[in-house]
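Single-structure report; data block below.
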Amino acid sequence: NPFPANHPNKLHTEDYTSVWTQGDFWHKNLTVLAQRLFDLAGHDDFVLTNVVNNESTLLFCNYWFGTPSFWLDFTNLLKHLVDAYTDLSDNEKIPYMQDPNYSILEGVGFLPFILERVFSTFVFYKHYNIQPIPLPVNSVV
C-alpha cells in the first residue's frame, strides 16, 4: 500500500509504535510468532517489541531503492527467516498456518503478515542511511 494514510486500517505512528504493534492489533500473536522465527534464524538481536517506526522507517509498497550490499544484507535476513520456518516440524508450523483474522483472503496464515513487516524492522535495526521520498497521492498512478 503506497498510501497507508489513506487505508481504512491505516497505521499512524501516533496510533501504533511500530509495524508489529499494528500487526498484533489486527493479527493476534503475530509478533510472538515472528520473534520465534527471528530467534531461530539467528537474529535474536532483532527484538521486535523494541521496534519503533517513524516516517523514516515505516515502509509500505514496493518502491525501494538500495545499494547491492544493502540488498544482499536484506535478502540474507529473509533467507534466514524462510530457512528457520522450513526447518520447523509440521507441528511447529501449525501456529503459522492458523487464521490471522484477515477477511479478504482465507487460509493465508501468518507468514505474509510477518514477511511484509521485515523491511521496516530491518531498516530500524541496521541503521542504513535511509532517505524517504514521499510522493503526493496524485503523482502515482
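Placing pseudo-labels 7 Å out from each Cα toward the beta carbon at Gln98 and Trp71 gives an inter-label distance of 3.7 nm. Taking 0.36 nm per residue of sequence separation and removing the Cα-Cα distance, the His80/Asp15 pair yields an extension gain of 20.3 nm. Extension gain for Gln131 to Trp64 (0.36 nm times residue separation, less C-alpha to C-alpha distance): 23.1 nm.
Bear in mind that the values in this text are calculations on the coordinates, not laboratory data. This structure is a prediction, so every number in the text was calculated from the model and none was measured. Here the Cβ is made from the backbone with ideal geometry for all residues, glycine too, and neighbour counts use every protein chain on show.
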